[in-house]
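A.B. asks: Attaching a single structure in structure tokens format; questions to follow.
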Amino acid sequence: MNDTATDSAADGNGVGACWSCHGPVGRVALFCHVCGALQPPDRSDHFRRLGLGARFDIDDKDLLRRYVAFQQRLHPDRFARKSKKERVLAERHTVSLNEAYEALKDPLRRGAYLLQLAGRAAPTEEARTIDDHDLLMETLERREALSEAASLDAVATLAGQAAKEEARALAALEDAFAADDLDEATRLLTRLRYLKKFAEEARARRAVLAEQPA
Amino acid sequence: MSTLLQIHEPGETPLPHEGERGIAVGIDLGTTNSVVAIAPTPEPEVLRDMHGTGLVPSVVHYARDGSVTVGSGAAAKMPEDPANTVASVKRLMGRGRADLKSLAGTLPYALDADDTAGGMVRLSVAGRNLTPVEVSADILRALKTRAEERTDSKVDRAVITVPAYFDDAARTATRDAARLAGLEVLRLVNEPTAAALAYGLDSGAEGLYAIFDLGGGTFDVSVLRLEKGVFQVVATGGDAALGGDDFDHAIAERLLRERGIAKPDLKAVRAALATARRIKEALTDADKAGGILDIGGARTEHTLERKELETMIAPLVRRTTAICASVIEDAGVAPTEIAGIVLVGGSTRVPLVRRAVEEFYGRAPLADIDPDEVVAVGAALQAHALTEGEGTLLLDVTPLSLGIETMGGIVEKVIPRNTPIPVALAQEFTTYQDGQTGMTIHVVQGERETVDACRSLARFELKGFPSMKAGAARIRVTFALDADGLLTVNASERTTGTGAQIEVKPSYGLSEDEMIGMLRASMEHAEEDMTRRLLIEARVEGGRVLAALGSALAADGALATPAERRAMAAVAARLKVAIDGEDRDLVNGLIEELERVGKPFAQRRIDRAINQALAGHSLDEIEAGMAPEAAPEGAAARDAAGTGS
């Protein structure tokens, strides 16, 4: 596509040029209102991409419904009879939608993303150290108890306690975001990450115990 | 004013020359049997032979005189000529010889041991040296011929199903086989997904579904979510070497033991397997069944009780439910949350299997559609959806994790399995030595933590970034998987912008040269097909440009001067004629010409919109009332991002 003077001339006025009919089209429009051609995805954040405001408290079912409704319209398979250009654009849309949905559907990732939008470092992937002394002690104790658990029942008890803790922390996280208390949200996200990791370790321990002959 | 331009509804650009393409079919390319179906006619229909049989045994016989027989004819030749009869070739798709140690002694045909040309395994049959891709192509050709005879039309495109856990190499091998057979693959669809499609259309139900697929040679289980005509794969798992054939083997071993044969030859094994299968099938309805084992005219009689069979196969069935449990856990749901279970594959007729499924999920499975044909029916429906751009939409996930090798042979996952595709994900890596100016990117696929336990897909070099201290370079590796699961890997050093890119062609696949050679040998007109496809693309594009101009003139025609209108109409008329012709370059040239003469008109349309915007009207505001029914969310997105209001 040769980007013409028309494209740049329109900059900054909320008006872009449709790549297909070259007429004016809104910057955030999905389709051209004149010729119906699919427009390239804009640089929305993940919430906006799915028609949502940036908030932690979102309904899983509603999120899924939105994701599916957008896919219905934008997936490349829907453009099987259209030109190659539109199929390529559709693919870009779908990539963005998938990215948005994946980032939002899991509360931990959603929380981390909200912090990122607020310009804060999210405490998920890279953090290898724990600043929170209480959390450190709690985690060490929990792990020790797990490594000493000799029966499936003992592992189940520990995993059950951790799951309860996780539910409690998740509820508190929702409150923290609602109150716009980002420090508390950061702390809770770190806590949740460790609880989640513990759940994985408990599963692994359970698998080891289940395999051992009684 | 003359109407040289046809005006279409926005988005309704018609595809020119529709009749020139052949029809698209759905193909279940199975380990034991294959099935071909078409949809809708008005109902999806399995294409049968004159005896009403839909199943084509996935068996190919190669005769010394060069003739090739596929299906029941080939299966009939198996007892007398086992060394030149290839069955279960699907198990070899995309496999290297190293993968096959476990299978080696069990295959009746010889694997070529001397081959060093490539990683792909080769078969020595009837004096020929064949890849599994070529054998599969022979099966596909037979299915294509059946479809063409039944429908009396050209068949040139297909949706082909593959097991959900098929890796990149096996998927590419399947694609290559289709190309050899003269079929364009519209999409490789996972078998369980296809089965769900077949049911989804009939029932229209929403919720979570488990698809339990136990075929002859492979086991697959998937959890899918059906919501408003969209299928989403939530999680999948399976075992590439577990199926009803294993049941037959268990029975056959017992028969041979009873017969007192310690070291059976090929003929004895084949005969025992055939008897075993008959006994197994009889035990579906009977508590006790007998069969005669005939090896070279010497006959012995054997009986087996269903209870005994169930004891033999119980460990195999337990493996299937253990995999069900891990897939359910991946999906993050409880077995009771599953709204329905679909049974696929002939082996699900075995009563113990049905009982185990029912026990695990706590409800009786669906089996209204013949479990041997349900996958092909779903594939046909998807072929229809993909050629028409309507119908059920499939949102697929990547079945296996993709990652790169890091220090110490550890795999760092870039795209975890079960990620929805298409997708593009990036990760940053750094150097581990001072002064390092290059890096090998080794792309692997699999779930294990170490490189040697995963499958190697590709290697490439990122070279020529400036020397830096260890850990200072920022190498961003992006994995992009398109809707067909084709992987492109991109690496760049961010502080300097040095970049490299590779389209991953799995190392076990055929090289492009081998492929072209085979295409020539098979007398399919590859180049002609390619030229044809480019011409069709150009025609679609030309139609798009004409329709877009038509829409623009209908909306803002007053902004064009009479001279401009004449100029555009003249070029448009020539383009219309060119679209009816065969000259692709002319079509493309006129498309550019039309865009050029239309430029002043386009500029005036933009200028007017800007002036309106400056006068206080946001374009988004103007459009808000005209949003296509993209679901209310479309409008919501627009509101949230509204610029002027």
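Nothing in this text is a laboratory measurement; each read-out follows from the coordinates by a stated rule. None of the values given here were measured: they were computed from a predicted structure. Cβ placement follows ideal geometry from the backbone for every residue including glycine, while neighbour counts extend to all protein chains displayed.
A.B. asks: Return one number: the angle in degrees, 0 to 90 and rounded to the nearest 10, between the long axis of the Cα atoms of helix A:107-117 and the longest principal axis of the Cα atoms of chain A.
C.D. replies: 60 degrees
A.B. asks: Rounded, prolate or oblate: which fits the stretch A:133-211 when a ≥ b ≥ c are the square roots of the eigenvalues of the alpha-carbon gyration tensor, with rounded for a/c under 1.5 and prolate only if a/b beats b/c?
C.D. replies: Verdict is prolate for the stretch A:133-211.
A.B. asks: On to the next question. If amide hydrogens are placed 1.01 Å from N in the peptide plane, which non-local residues have theirs closer than 5 Å to the one on B:Lys288?
C.D. replies: Long-range HN contacts for B:Lys288: B:Arg306.
A.B. asks: Mind ranking B:601-614, B:296-309 by how tightly packed they are, going by the mean number of other C-beta atoms within 10 angstrom, highest first?
C.D. replies: Per-residue Cβ counts within 10 Å, averaged per peptide and sorted highest first, yield B:601-614, B:296-309.
A.B. asks: Something else about it: At a 10 angstrom cut-off on C-beta neighbours, averaged per residue, how do the peptides B:51-59, B:463-471 rank from highest to lowest?
C.D. replies: B:51-59, B:463-471
A.B. asks: Would you tell me the mean number of C-beta atoms belonging to other protein chains that fall within 10 Å of each C-beta in A:78-87, as a whole number?
C.D. replies: 6
A.B. asks: How many partner chain Cβ atoms sit within 10 Å of a residue's Cβ in peptide B:395-406, on average, as a whole number?
C.D. replies: Mean inter-chain Cβ contacts per residue within 10 Å come to 1.
A.B. asks: Also, I was wondering about something else. Charges on Cβ only, +1 for Lys and Arg, -1 for Asp and Glu, centred on the Cα centroid of chain A; of A:Ala169, A:Ala210, A:Leu30, which one is farthest towards the dipole's positive end?
C.D. replies: So the residue furthest toward the plus end is A:Leu30.
A.B. asks: Might you report the magnitude of the Cβ-based charge dipole of the stretch B:37-83 about its Cα centre, with Lys and Arg at +1 and Asp and Glu at -1, to the nearest 20 debye?
C.D. replies: 100 debye
A.B. asks: What number, in percent, do you get for the relative contact order of the stretch A:29-99 if the mean sequence gap of Cα pairs under 8 Å and at least 6 apart is divided by its residue count?
C.D. replies: Relative contact order here is 34 percent.
A.B. asks: Once you sort the root eigenvalues of the Cα gyration tensor of the stretch B:334-479 as a ≥ b ≥ c, which label holds: rounded (a/c under 1.5), prolate (a/b larger than b/c) or oblate (the other case)?
C.D. replies: Prolate, since a/c reaches 1.5 and a/b exceeds b/c.
A.B. asks: Okay, moving on. Mind checking the angle between helix A:152-178 and chain A's longest principal axis? C-alpha axes, 0 to 90 degrees, to the nearest 10.
C.D. replies: Helix A:152-178 sits at roughly 40 degrees to that axis.
A.B. asks: Label the stretch B:143-198 by shape, choosing from rounded, prolate and oblate, from the square roots a ≥ b ≥ c of the eigenvalues of the Cα gyration tensor; if a/c is under 1.5 it is rounded, and otherwise prolate applies when a/b is larger than b/c, oblate when it is not.
C.D. replies: It comes out oblate by the Cα gyration axes.
A.B. asks: Where the only charges are on Cβ atoms (+1 Lys, Arg; -1 Asp, Glu), what is the dipole of the stretch B:244-311 about its Cα centre, to the nearest 20 debye?
C.D. replies: Its charge dipole is roughly 280 debye.
A.B. asks: While we're here: Under the Karplus relation 6.51 cos²θ - 1.76 cosθ + 1.60, θ = phi - 60°, what is the ordered set of whole-Hz ³J(HN,Hα) values for the stretch B:424-434, x standing for Gly and Pro?
C.D. replies: 9, 10, 10, 9, 9, 10, 9, 8, 10, 10, 4
A.B. asks: Summing -39500 (n - 2.57) over the DSSP H runs of n ≥ 4 in chain A and dividing by its residue number, what mean residue ellipticity at 222 nm do you reach, to the nearest 500 deg cm²/dmol?
C.D. replies: Counting only the DSSP helices, I get -20000 deg cm²/dmol.
A.B. asks: Mind checking which lysines have their Cα closer than 26 Å to the Cα of B:Lys469? Skip sequence neighbours fewer than 8 apart in that chain.
C.D. replies: B:Lys413
A.B. asks: Give the order of A:Arg187, A:Arg120 when sorted by the count of other beta carbons within 10 angstrom, beginning with the fewest.
C.D. replies: In increasing order of surrounding Cβ atoms, one gets A:Arg120, A:Arg187.
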